[in-house]
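The values are calculated or read from the model by the stated rules, or taken from the named source; none is laboratory data. In this text, all values refer to a predicted model and were calculated from it rather than measured experimentally. Methodologically, a virtual Cβ is constructed for each residue, glycine included, from the backbone with ideal geometry; neighbour enumeration extends over all protein chains shown.
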Amino acid sequence: MMDAMTQSNVVDITLENFQQVILQQSQEKLILVDFWADWCEPCKDLMPILEKIAGEYANDMILARVDCDKQQEIAGQFGIRSLPTVMVVKDGQPVDGFAGAQTEGQIREMLGKYLPQPGDEDLQKAAQLIEQGDYQGAFPFAKQAVDLSPDNMDAKYLYIDCLVETGSVAQAKAELETVRLVDQDNRYQALMGKVELAEQAAESPELKKLQADVAANPDDLQLKIDLAVQLQQAHKPDEALALLLGVLQTDLNFSEGKKIMLDMINALADGDPLKSLYRRKVYSLLY
C-alpha cells in the first residue's frame, strides 16, 4: 500500500495522532476513516476511490487510514469485524459508514449528507433573497443551484417556490410532478397548496370571458392582446407569451403588441427558460 503522503489531507492513524485527528480535527472537518490491511484485496480497490474523493474536498475532509495489522488497538476500539470498513467521524463521533466494497457513486451519495455540495453558495444567496421577499432576484441563484445539484431537494424546492412566485405556475407544477414520493415532505405539500391557490386566482370571471371572446373571434388581434395581459396578471406568462407571439406572427406592427411582449419578456426572472426562449422567437421575427 502507499506509504508516502501524496495528499495533504490523507493521514495514517497511529496511537500517537489518534486523539488529534479523530477527536480534535473532527470538530472542524469531516474525517473519513478507512480501516484496511495489506492482505485485503478489496481494500486496495477502495483506497484510490477514497483518495480521489478526499482530493476534491481538501478543505472539508481528512482521509484517515488505519492499517489494522499495525494498529490492532485502534481497530479494536472501533469494533472492526471485517475489512474494508469505512467510518465517517464528525465532532468526535462516528455518524455513518459501511463495510465491504462500495461503488464511487454509493460513497459520494453517503458523503453528500455531510460535505458541501456544488451550488450550496447559490442556494444560500437564493434563500437570503427569498427571506427579503425578493423572488425575482433569488430566481437565477435557485436555478443555478438546481443545475449544479439536480438531486438536492433543498435547491429544488427553493427553485419551485421561485417559479410560483415569479408567475411560472405551470412550470412549477411540472417540476413538482417530478418529485419522488420519498422526497414529498411538508415543503412539497406547502408548494402544492401555493400552486393550487395561484391556479384558482387565474380562473377569474374576466379571464374566462376574454377566453370565450377570443375563441369566438379568433381573428381579433386586440382581444388576444387583452387576454395576454390578463393571463400575465394571472401568473400564466407561458400562455400569455404564446398568444402574443401568434399576434406578432400575424401582424408584427399591430397596436402595442410588440412593446407589450418585450416588456413581458423583460419582466421574467433572469434564468427563467421562458425568457431566453421567447427572446429568440421575437428576435427571429424582428431581424
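Couple of notes before you dig in:
- Filtered residues of the range 176-187 (kept if surrounded by 12 or more Cβ atoms within 10 Å (Cβ to Cβ) and either over 24 Å from Gly271 (Cα atoms) or at pLDDT 95 or above (or both)): Leu176, Asp183, Gln184
- Of the helices (runs of 4 or more DSSP H) that lie entirely inside the range 199-255, those containing 3 or more residues that are among the charged types (D, E, K, R) span 205-216.
- Given (1) of a type in the set (A, V, I, L, M); (2) assigned to a helix (DSSP H, G or I); (3) surrounded by 14 or more Cβ atoms within 10 Å (Cβ to Cβ), number of the condition Leu285 does not satisfy: (3)
- Looking across Ala269, Ala242, one residue alone is under 24 Å from Tyr157 (Cα atoms) and not charged (D, E, K, R). It is Ala269.
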